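The values are calculated or read from the model by the stated rules, or taken from the named source; none is laboratory data. Because the structure is predicted, anything quoted here is derived from the model rather than measured. Here the Cβ positions follow ideal geometry from the backbone for every residue, glycine too, while neighbour counts run over all protein chains shown. Accessible surface is based on the protein model in full, side chains and every heavy atom, while ligands, DNA and RNA are left aside. Shrake-Rupley method; radii C 1.70, N 1.55, O 1.52, S 1.80 Å.
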Amino acid sequence: MSSRTDQKKRLRAERQERERQRAAVSRRNQRLKLLGAVLAAAAAVVIVAIVASSRGGGGGGSKSGKIEGAAEVTARFKGIPQNDLVLGDPNAPVTFVEFADLKCPVCQRYTLSAFPTLVDRYVRTGKVKMELQLQHFVGSQNDDSEHAARMALAAGQQNKLWQFAELFYLNQQSETDTYVNDVFLRRLGSAIPGLDVNKAFSARDGQAVTQQLSQASSAFNTAGFTGTPSFAVGKSGGTLTPIDYNSFDVSQFSGPIDKALGAS
Amino acid sequence: MRRTEVAIGAIALVGLGIASYLTYIHYAGLQPLCLASGGCEKVQSSHWSKLAGIPVATIGLAGYAAILASLFVPGETGLAATALVALVGFGFSAYLTYTELFRIHAVCQWCVASAVLMTLLAVLSVVRLLTAEEHGAYA
């Protein structure tokens, strides 16, 4: 009798253990499925965020035809006076000149890293005015750089040079590709509020733009520069000193600018 | 409350502190305290410091707050919510770290610290999702 009771107990215990194990396996499988769903959802959200981040302002160019970063460029220069080549208060005590080529990827790197901080810290506060002297030798085999520079300078006649240049960098493609055609330039220009693109197209081959290109080239050679981007800084109206930089860390530029501000 | 929940909560609180600081200096127009010369300032003022016009620091703040809040949601919904937010944070932090190293060419230690916290949160929240008991394991 006692043996039958023990056997029943044992069988019940074994059955309960099997049920516990089945429940544990079932729960583990359910959790693994849930984890898979969570991972898939997380991956989808991250991909959307990365795409939005790239479109919102990342550099690297777009071959899709869509212009990237227009809103950020508009915000960057909002409220800062601009006149032709010059960004900032015309009476700023210090002048900072940048010699750059719009097709140059290293120039893009400077614009995406140190430039925004320098604008906020020195130009927006009226301490420094920046001048952009565009060169055109990177795409010399296909005239891409010259096409870009001419359109930028034509935009400068409407005081939109800096918006055009930054927007160009944000949509820059490989320096070995030929992509600076009228369709591309029109897309860029149309993304800049207040720029009359047709007027800029008319002005880009004019005498004024040709003269500015020539003067920029002469200034570059006279300063003894050999590559872009190159920079010079000094008291406004005085002699400018080339900046010897080895990275695009803000300090590489803030040091010479602060020195010039101290001397002015 | 299990040790995993306590650890997730503690790490999320530290992350919340970092993200709050970065959000504050963004809106106050201040420069972040930074050990490396100019690195934080360069990253904070770069084109990648915002997502759809919202500062990334503010998005991080919302993420850490969401992780903390999800600890109080019962059942598998809470487990999944914590893991989802932490994994999204981890993935986006990885992308931002790549951007710092190879596009901005500057490293912000606040961002690195946040990325490390998000990595820990992702690991812990996945462990919690897989190991939590059916009932009573939630905060």
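In this structure, does A:Phe168 turn out to be in a strand (DSSP E or B) and within 28 Å of B:Lys50 (Cβ to Cβ)? No: the conditions fail for A:Phe168.
Can you name every residue in the range A:244-257 that is of a type outside the set (Phe, Trp, Tyr), under 21 Å from A:Ala223 (Cα atoms) and surrounded by fewer than 19 Cβ atoms within 10 Å (Cβ to Cβ)?
Passing the criteria: A:Asp244, A:Asn246, A:Ser247, A:Gln252, A:Gly255.
Inspection of the range A:80-100 identifies no residue that is within 14 Å of chain B (Cβ to nearest Cβ), more than 26 Å from A:Asn181 (Cα to Cα), out of contact with any Asp or Glu (no Cβ under 6 Å at 6 or more places or on another chain) and outside any strand (DSSP E or B). Flag: A:Ala208 does not match the condition of being over 27 Å from A:Leu261 (Cα atoms) and surrounded by 22 or more Cβ atoms within 10 Å (Cβ to Cβ). Name the residues in the range B:99-119 that are part of a helix (DSSP H, G or I), at the interface with chain A (Cβ under 10 Å from one of its Cβ atoms) and open to solvent by 30 Å² or more (accessible area, probe 1.4 Å), would you? Scanning the range B:99-119 gives a single hit, B:Arg103. I'd like to check something: does the range B:28-43 contain any residue that is assigned to a helix (DSSP H, G or I), within 9 Å of chain A (Cβ to nearest Cβ), in contact with a Pro (Cβ under 8 Å, 6 or more places away or on another chain) and at pLDDT 75 or above? No, the conditions are met nowhere in the range B:28-43. Scanning the range A:202-247 for residues that are more than 25 Å from the chain's Cα centre (by Cα), hydrophobic (A, V, I, L, M, F, W, C) and part of a helix (DSSP H, G or I) yields a total of 4.
For the range A:181-201, residues that are assigned to a helix (DSSP H, G or I), out of contact with any Asp or Glu (no Cβ under 9 Å at 6 or more places or on another chain) and under 16 Å from A:Asn159 (Cα atoms) total 6.
The single condition among (1) modelled with pLDDT of 75 or more; (2) over 22 Å from A:Ala41 (Cβ atoms); (3) open to solvent by less than 20 Å² (accessible area, probe 1.4 Å) that B:Thr82 does not meet is (2).
Taking the criterion of being surrounded by fewer than 24 Cβ atoms within 10 Å (Cβ to Cβ) and either polar (S, T, N, Q) or in contact with a strand residue (DSSP E or B) (Cβ under 9 Å, 6 or more places away or on another chain) (or both), the residues of the range A:112-121 that qualify are A:Thr117, A:Leu118, A:Val119, A:Arg121. Being outside any loop (DSSP other than H, G, I, E, B) and either open to solvent by 10 Å² or more (accessible area, probe 1.4 Å) or free of Cβ contacts under 8 Å to residues at least 12 places away in the same chain (or both), is that true of even one residue in the range A:172-179? So far as the range A:172-179 goes, no, none of its residues is outside any loop (DSSP other than H, G, I, E, B) and either open to solvent by 10 Å² or more (accessible area, probe 1.4 Å) or free of Cβ contacts under 8 Å to residues at least 12 places away in the same chain (or both). Residue count for the range B:87-112 under the criterion of being of a type outside the set (Lys, Arg) and more than 21 Å from A:Ala41 (Cα to Cα): the result is 15. Restricted to the range A:116-125, and to residues there that are touching a residue at least 12 places away in the same chain (Cβ under 8 Å) and within 10 Å of chain B (Cβ to nearest Cβ), the residue that is farthest from the chain's Cα centre (by Cα) is A:Arg121. Among the residues of the range A:239-255, those that are free of Cβ contacts under 8 Å to residues at least 24 places away in the same chain and away from chain B (no Cβ under 13 Å) comprise A:Thr239, A:Thr241, A:Pro242, A:Ile243, A:Asp244. If the condition is being of a type in the set (Gly, Ala, Ser) and surrounded by fewer than 24 Cβ atoms within 10 Å (Cβ to Cβ), then the range A:124-164 contributes A:Gly126, A:Gly139, A:Ser140, A:Ser145.
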